[in-house]
């Protein structure tokens with residue numbers, strides 16, 4: 001890359017300013033405020049606050065509710081990542097074949113990504129609501145007791161499927177691009193070497209896709225951790241009970257509903273540390289594991 | 001090791017006809033080079049034999065067994081690709097062992113065969129490396145090794161040398177030839193390079209626009225090309241073509257450029273005045289006192305020989321190859337020895353023999 005040498009510092013600072021200002025206002029400031037807030041304890045009326053050090057963190061980590069939410073998050077994110085990536089990979093492999101109408105098929109598969117999380121949740125609500133939902137009613141008529149508003153497992157299943165559905169498109173694009181970058185001659189060589197399609201998939205295609213898959217795994221986990229708030233909020237509101245309350249949802253409940261700002265901030269700082277760790281892992285491995 | 005019989009193979013992509021009925025019989029252990037310009041259908045023919053494309057019609061038999069309906073895996077062939085197509089995530093050893101593992105050979109046998117092939121190709125030191133850590137020539141060897149360990153009935157080469165630099169290409173060319181002789185495996189080799197074709201092939205298939213224009217030994221093709229396309233394609237610099245008409249009751253040709261040349265080998269059938277194309281190779285044009293005057297417009301000295309470009313009185317271009325250094329003069333008296341003439345039909349371009 002070419003380096004441009006500026007005289008003085010005014011112009012480069014001015015050029016960087018818009019990005020720096022955005023980062024400062026929308027990330028550094030709130031993040032800083034959260035870290036500071038997590039060290040304080042406020043009285044219920046918000047008039048006085050007291051510095052308590054790491055006590056908020058200690059309390060959060062000791063809370064059974066927080067551990068329950070952490071378990072929910074683990075189950076939820078793993079399932080979303082596996083389901084979204086598995087489905088996307090299957091669809092990408094199908095779309096990579098030379099089939100009639102492949103372009104239309106690919107375009108349709110990318111659409112869900114353009115749907116806002118809350119809208120997607122409403123869509124799923126209309127499908128799976130036990131009394132007004134299309135599929136929900138059919139399930140009940142078929143004799144299955146379907147009511148995700150009462151049954152915690154069903155609620156979890158529903159938010160997992162809805163959240164995964166949103167992410168399939170994104171994964172699909174990356175998997176398809178990954179598949180198309182595998183040289184055709186390599187697959188032909190494997191065919192001549194005697195590998196049948198299933199074997200070609202496991203021994204050639206999948207290993208060559210592994211950098212893509214690893215990248216997507218991190219992206220999907222981050223998505224399931226943070227970007228699924230809308231889906232959960234609109235579909236189950238964390239319920240029934242606390243069956244679908246994930247860490248990010250608990251931050252909201254704690255801070256906005258219970259107005260326990262210290263605890264809520266401590267929880268979001270923990271999440272921040274998690275996502276920083278995930279991103280660090282991704283950068284370390286992605287750069288090393290690319291094969292071509 | 002096996003024979004290969006290609007009978008009446010055609011291939012169309014929609015309305016585009018790529019191959020128009022190819023017939024080719026390859027004997028056991030023979031090396032056949034399919035040569036032609038880009039888009040002549042040579043790679044398509046190879047891919048049909050490999051089973052990577054399906055022929056529109058026709059039959060392919062390997063060792064007498066019809067394989068047109070079989071998968072590539074079931075044809076017992078090995079192929080070396082232009083870009084080598086090594087498995088990027090496997091070591092050299094795994095690359096070579098992959099096909100054997102699939103066949104379920106015992107581990108000891110796999111190790112033995114890989115070691116043997118690696119020894120043959122001089123790549124023992126590279127076995128634990130991955131393809132991206134290899135140079136072009138080394139990748140080429142690994143691709144060869146992957147084909148050899150399989151001990152297939154048929155080797156297919158799809159322009160395997162065209163990604164190498166000139167010096168390495170000459171070296172690998174000789175190596176492939178030596179290896180093929182030694183292993184005695186029937187081989188098909190596709191190339192667009194006529195020197196590669198001439199040096200490698202027991203016989204050549206010169207392809208032109210989806211037809212096999214001529215199938216013969218390299219020297220036969222050079223000495224008696226079947227038509228003007230083959231004549232112009234094989235040999236460097238390319239053969240000169242001069243227009244003329246049949247004269248003296250079929251015993252001679254009256255060149256457009258002036259002289260009337262008598263055929264050395266007997267009369268051609270056809271009416272007086274029938275249009276002919278006369279071919280003469282640049283190295284066969286003689287410099288003789290009293291010949292046609294050829295003004296030179298370009299001199300290319302190549303050290304051991306010199307290539308001269310000029311225009312005959314009638315305006316036709318003529319290329320002359322002389323041994324030794326360039327002559328000093330700006331024009332040259334040239335003559336066309338009767339025994340070096342190739343006579344082609346002026347309309348169809350087909351060779352006319354007495």
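What follows is calculated from the coordinates using simple rules that are stated; it is not laboratory data. Just so it is clear, the structure is predicted and the values come from calculations on it, not from any experiment. Counting neighbours? That spans all protein chains shown, and the Cβs are built from the backbone with ideal geometry, glycine included.
The table for this structure:
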| item | result |
| --- | --- |
| The stretch B:2-45 residues near the modelled residue B:202 label - backbone nitrogen below 19 Å, point 7 Å along Cα→Cβ | B:2-7, B:23-35 |
| Label-point separation, residue A:173 to residue A:107 (7 Å along Cα→Cβ), nm | 1.6 nm |
| Calculated P(r) tail over 23 Å for the stretch A:134-214, as whole % of Cα pairs | 50 percent |
| Spacing of the two label points (7 Å from each Cα toward its C-beta) at residue A:51 and residue B:293, in nm | 10.9 nm |
| Cα gyration tensor, the stretch B:53-193 - rounded (a/c under 1.5), prolate or oblate | oblate |
| Taking N as its residue count, the alpha carbon Rg of chain B over 2.2 N^0.38 Å | 1.19 |
| Alpha-carbon Rg/Rh ratio, for the stretch A:179-292, with Rh computed the Kirkwood way | 1.21 |
| Protection proxy ranking of B:236-243, A:6-13, A:157-164, B:69-76 - average other beta-carbon atoms within 10 Å, highest first | A:157-164, B:236-243, B:69-76, A:6-13 |
| The stretch B:271-314: translational diffusion in µm²/s, Stokes-Einstein, Kirkwood Rh over Cα pairs, 20 °C, 1.002 mPa s | 166 µm²/s |
| Kirkwood Rh, angstrom, the stretch A:67-111 [1 / mean 1/r, Cα pairs] | 12.3 Å |
| Convex hull volume per residue in cubic angstrom - Cα atoms of the stretch B:219-331 | 118 Å³ |
| Square roots of 5 times each gyration tensor eigenvalue, C-alpha, the stretch B:59-116, largest first, Å | 25, 16, 10 |
| Computed label-point distance, nm, for sites residue B:182 and residue A:33 using a 7 Å Cα→Cβ extension | 7.7 nm |
| Cut-off 17 Å, label 7 Å out along Cα→Cβ of residue A:100, residues of the stretch B:13-34 by amide N | B:14-15 |
| Volume per residue that the Cα convex hull of the stretch B:305-345 spans, once the total is divided by residue count, Å³ | 101 Å³ |
| Size descriptor, Kirkwood hydrodynamic radius, that averages inverse alpha-carbon separations across the stretch A:68-206, Å | 17.3 Å |
| Whole-Å semi-axes of the ellipsoid equivalent to the protein assembly as shown (Cα gyration tensor, √5λ, descending) | 74, 30, 25 |
| Extent along principal axes [Cα atoms of the stretch B:171-215; Å; largest to smallest] | 33, 20, 12 |
| Shape category assigned to chain A from the gyration tensor of Cα positions, a/c cut at 1.5 | oblate |
| Exercise: per-residue mean of other protein chain Cβ atoms within 10 Å, A:191-203 | 6 |
